[in-house]
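Comments concern the structure below.
The values are calculated or read from the model by the stated rules, or taken from the named source; none is laboratory data. Being a predicted model, the structure only gives us computed values, none of them experimental. When we count neighbours, we look across all protein chains shown, and the Cβ atoms used for this are built from the backbone with ideal geometry, even at glycine.
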Ligand SMILES: [Zn+2]
């Protein structure tokens, strides 16, 4: 069962990177001038100017698909997490303690001998159960039962705050059922997409052969499954369509759904999930109508092959090495990563994903300080002040809407470091000899936790990311900005750095998340997290017109020769990047250093602020990963996350003497400013 992460607007697509408190090195230089390419004029390409030499020489490690600032943070600290895991897995912890659970979970995952010996035995009973399905009714019941073990097959139920009654939780259903990254992958015919389609089909075939199917049948199964998925994909909304929260909100009565989609059998599904609900939020009704239709038109053997493939795929990365390799080979085609990560590193991701709040507790105890939290709170408050001042000065918004915007800004819930209320794992039994069963126990616990929330008041202390995560998010339903401990380190934040560095780094991140409260999606939610219009009519029209300017600007950016940034898909993130930069800069200008002109390392305070910003987004990606991102990631590529906002921001022009004729130059009237 998915969490409410579906609606979170994060600073990065990837989650799961971990970090730790950085030791303060007073001799550290916070600007890496050895990375500069001084042959490039700052006004032509500031990203290249700051990172050019680094971009020429940086090598993507064989176990990664990218390299850059985020990976630096991750690399510096993953050894620390390893230290925690190795310490607690030695085995002398009191039974039932979080140390015992984390330690034994990790040990069970490291026990490759047992895992190898078991092959695919852990999922055999489920595969046999699929063999025994007799009709559509049995099929529907099987899938619903798997959902109660948190196995997301075919469709995706989840529990979240009701968009139109945000203090109460509701059961919702999202579109799902595909193996490729998204619906468009089934319909594109370019050579890169065809390579991914082929890799996916090869993967499915391998999974059937590994579980004892002969190769002729395996090939037939794959063709059938692919055809079925393509039909499902035709009903999916595109990732741009999915950005519209209003169209994703369809609170429908279970009785009506049952009448309209009898084969899907909503009553059985909801009863099996163990929920008493008269109505549910069906985010994308066309997908569910399509599944209902396919349940009656697709032969049962095809569905059974589909269910088997779905189940094996879910388990492949945790079974014996042949399955892990098959799974990795497909990931390799998608991401360009050449070698699989070492087992311990995969296991720490698994611990983070399954016992995240237990690992989080051990992590913050060792690597997070209250001082960092207080420093962050100061920064957040300064950014709020700067944002308020910007709202007051907006020339396109009426006073009454401004008042409401400020109400929303000051209603932000601020979460820094880690949760006040750790998740309870007391009902999870962890055995150091049974990795697969441990995963099941965690999944079961997660399902129970989520499903128990249906129809109950929303608990706003909940977090959508674990403490060690190097990321941040805005959640419109809670109207909150959240900064896990993991991101509070250099190059984002360092207590020893000057304000220019911190405001250009974590300040930008804070401003970015704040602006999400007012982007194409966030702006549709009010201060209490309800999907409810609070805008004056002409303000709304102006906002939409300005959004179109952002879309057009980013549509003009390319990667990999001719592949364009999708302005509509990335509009919310681009607004957040533009607003975030402006707010962070204004807040920086309120500091002592911001009002000073003293140079450090030869740079003025303003120059240091912009260099810090460009350093944060330093990265290099495998082409394969870059393609997946451009197709599915709501964030623009890192180069454009620097180029776009700076080309709209006049103080940057002043700081680096950007002039007409420079490639980043835009006439003052063309510089886009929303917030
Ligand atoms: Zn974002």
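Within region 587-615, the set of residues being assigned to a helix (DSSP H, G or I) and surrounded by fewer than 23 Cβ atoms within 10 Å (Cβ to Cβ) comprises 589, 593, 594, 595, 606, 607.
Taken together, the residues in region 437-450 that are crowded, with 19+ Cβ neighbours inside 10 Å and either without any contact (Cβ under 8 Å) to a residue 24 or more places away in the chain or in contact with a helix residue (DSSP H, G or I) (Cβ under 6 Å, 6 or more places away or on another chain) (or both) amount to 4. Of the residues that make up region 631-638, is at least one assigned to a loop (DSSP other than H, G, I, E, B) and away from the ligand (no atom under 16 Å from the Cβ)? No; the residues of region 631-638 include none that is assigned to a loop (DSSP other than H, G, I, E, B) and away from the ligand (no atom under 16 Å from the Cβ).
All conditions in (1) part of a helix (DSSP H, G or I); (2) touching a residue at least 40 places away in the same chain (Cβ under 8 Å) hold for residue 280, with the sole exception of (1). Kindly check whether there is at least one residue in region 55-74 that is modelled with pLDDT of 95 or more, in a helix (DSSP H, G or I) and touching a helix residue (DSSP H, G or I) at 6+ places or on another chain (Cβ under 8 Å). Yes, region 55-74 contains at least one residue that is modelled with pLDDT of 95 or more, in a helix (DSSP H, G or I) and touching a helix residue (DSSP H, G or I) at 6+ places or on another chain (Cβ under 8 Å).
Select, from 372, 305, 386, 309, the only residue that is in a helix (DSSP H, G or I), modelled with pLDDT under 95 and buried (at least 19 other Cβ atoms within 10 Å of the Cβ). When all the criteria are applied, what remains is 372.
Checking the structure you have, find out if any residue of region 114-130 is outside the structural domain of residue 525 (by TED's automatic domain parsing), within 24 Å of residue 233 (Cα to Cα), touching a helix residue (DSSP H, G or I) at 6+ places or on another chain (Cβ under 8 Å) and part of a loop (DSSP other than H, G, I, E, B). Within region 114-130 (the criterion being outside the structural domain of residue 525 (by TED's automatic domain parsing), within 24 Å of residue 233 (Cα to Cα), touching a helix residue (DSSP H, G or I) at 6+ places or on another chain (Cβ under 8 Å) and part of a loop (DSSP other than H, G, I, E, B)), the answer is no, since none of the residues qualifies. Only one of the numbered conditions (1) out of contact with any strand residue (DSSP E or B) (no Cβ under 8 Å at 6 or more places or on another chain); (2) within 13 Å of the ligand (Cβ to nearest atom); (3) assigned to a loop (DSSP other than H, G, I, E, B) is violated by residue 519, and that is (1).
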